1. Using θ = phi - 60° and the Karplus curve 6.51 cos²θ - 1.76 cosθ + 1.60, what whole-Hz ³J(HN,Hα) does each residue of region 185-192 get, with Gly and Pro shown as x?
2. Quick one: accessible area per residue over the chain, 1.4 Å probe, rounded to a whole number of Å²?
3. Can you tell me the relative contact order of the chain? Whole percent, Cα pairs under 8 Å, sequence separation 6 or more.
4. With the chain treated as a Gaussian network of Cα nodes joined by springs under 10 Å, which of R279, R258, R350 yields the largest mean-square fluctuation?
5. Return one number: the angle in degrees, 0 to 90 and rounded to the nearest 10, between the long axis of the Cα atoms of helix 364-375 and the longest principal axis of the Cα atoms of the chain.
6. Can you give the extra length, in nm with one decimal, that the chain gains between S293 and R179 once fully stretched, where that is 0.36 nm per residue apart less the Cα-Cα distance?
7. Add -39500 (n - 2.57) for each DSSP H run of 4 or more in the chain, then divide by its residues: what number comes out at 222 nm, to the nearest 500 deg cm²/dmol?
8. Taking +1 at the Cβ of each Lys and Arg and -1 at the Cβ of each Asp and Glu, which of V373, N428, Y383 sits farthest along the dipole of region 362-444 towards its positive end, judged by Cα position relative to the Cα centre?
Amino acid sequence: MDLHHLINSLLGLQDLTITNAELSEDFVSCRIKAELPWARARCASCEHPLLEFHQWSHRELKVPPLGLFKDVVIQLRYPRGLCPICNKIQRAFVAGVHSKFKGHSCSFVETAGRLMEETTCAAASRTLSSDPKTLWQIDQWRMREMQKNLDLKKFTQDIDVSRMSADEVHFKTETETKRDHPFAPRWTVKFVTNLVCTKEAKIIANAAGRDAMALANCLRSLSRPQRLSVEFFSIDMNPGYFQAVSKLCPDAEIAVDRFHLIQNMNEYFEKIRKEEFQRAKKNKKEFEEIMLSPSKRFMFLERNAVLSIEEHNMLGKLKVLNTNISNAMIIVEYFHKVLEEKGVQGFRSRLTKWYGLVRDSKLLPLRKFALQVRKYRMNIEAYIRSNLTTAISEGLNNKIRVLKAMAYNYQNEESFMLKILQRCGFLNSRHMDTRALFKYSQLA
């Protein structure tokens, strides 16, 4: 194999002749001198051979690292000459040189882009010895180009979308500078809704907001047959999400997420704890006041909490002294067992008994929660049948929070959503063929 051809292939270039190379003694930088011979010079506009030599032009070109050398630059010399088709002096076409990011090869842009799929622009700039602002621009351009080339309806044909979920993630909180009246909101909280394919554990699409319109925009990225093939859809108790799924996925059974359901129940239990704490404080019941204080609330809300023998004894004593707390804890624990049922018939039977416990306890907060359970009973049954939750969505949300922390938060909403699709979805080189991006290969 020709050595010049091998080096050109490694650098992502073509038709260049290597004339010299300067290597630093510390194995950090490498300067390669190369030129495009006049015999192979073609017009950059029409690719017709240039007939009359005019002059040599020079440019430094950044290429990917080679072995131990992380700062590799090509000092390029290429001809300019008369093109008979264009009838003017034209530069020669050099394949593999990026036309948008001047001074960078297509191979460098692709290498940097793949690296920024896994890390931040600042970390990539240290690895590639390049300007972080330039790398950020490369990352933004590359994500937008990949999004243009990604036909999601065609791409997801082979993906099982029978089980889906949706959840929102916090984007940023803005302080309101213009308030019409003293009672106007002081802050505006912005969210991004993510549509998740449970089988693939990937985010398929996202949209700004957390209302019906946001989820509808996500679902419209799927074809109609794909939306009709959805069997179960797990969401929290967001009315807008219910509306969007019912309209665009009419055959899907909506399953209420167990995590959010338990979270709501714990909030109602917390109201009972606060009421009993204030009552104990008013009646000067010191032991109950200590046990019902906010610092002890973890003992009541966590299942199978790791408690010492002394804490178990103190909790047992509290149950004897405070009937409302004892009844509330029994109801909460029994509701967990209701949700652990594997069949619908067993669920209905246990749920009926749970309703009776709530009614007999005469605890108003739990009665309100029971009305909520009655409202979403069919959706809870869908969860029992499918055992589908938003656990994968919550896990991806944690990954997105780490992404935000690494970037010290995002201000550009479009950039944030693209980055989510890149890190947690299919908008990356692991799932897409990025060779189409090498069409940007003319010397600007």
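The values are calculated or read from the model by the stated rules, or taken from the named source; none is laboratory data. Small disclaimer: the values here were computed from a predicted structure and weren't measured. All Cβ positions, even for glycine, are placed from backbone atoms using ideal geometry, and neighbour counts span all protein chains on display. Note: areas computed on protein heavy atoms with side chains; ligands, DNA, RNA excluded. Shrake-Rupley method; radii C 1.70, N 1.55, O 1.52, S 1.80 Å.
1. For region 185-192, the Karplus-derived couplings read x, 8, 9, 10, 9, 10, 10, 10 Hz, x marking Gly and Pro.
2. Numbers: 23380 Å² over 444 residues.
Spelled out: the 1.4 Å probe surface of the chain, per residue, equals 53 Å².
3. On the way: 703 pairs, mean separation 69.5, N = 444.
Relative contact order, the chain: 16 percent.
4. Highest fluctuation among the options: R279.
5. So the helix axis and the longest Cα principal axis differ by about 60 degrees.
6. On the way: separation 114, 0.36 × 114 = 41.04 nm, distance 3.79 nm.
Here the segment from S293 to R179 would lengthen by 37.3 nm.
7. On the way: 18 runs with 206 residues, N = 444.
Helices in the chain give a 222 nm mean residue ellipticity of -14000 deg cm²/dmol.
8. Of the options given, the answer is V373.
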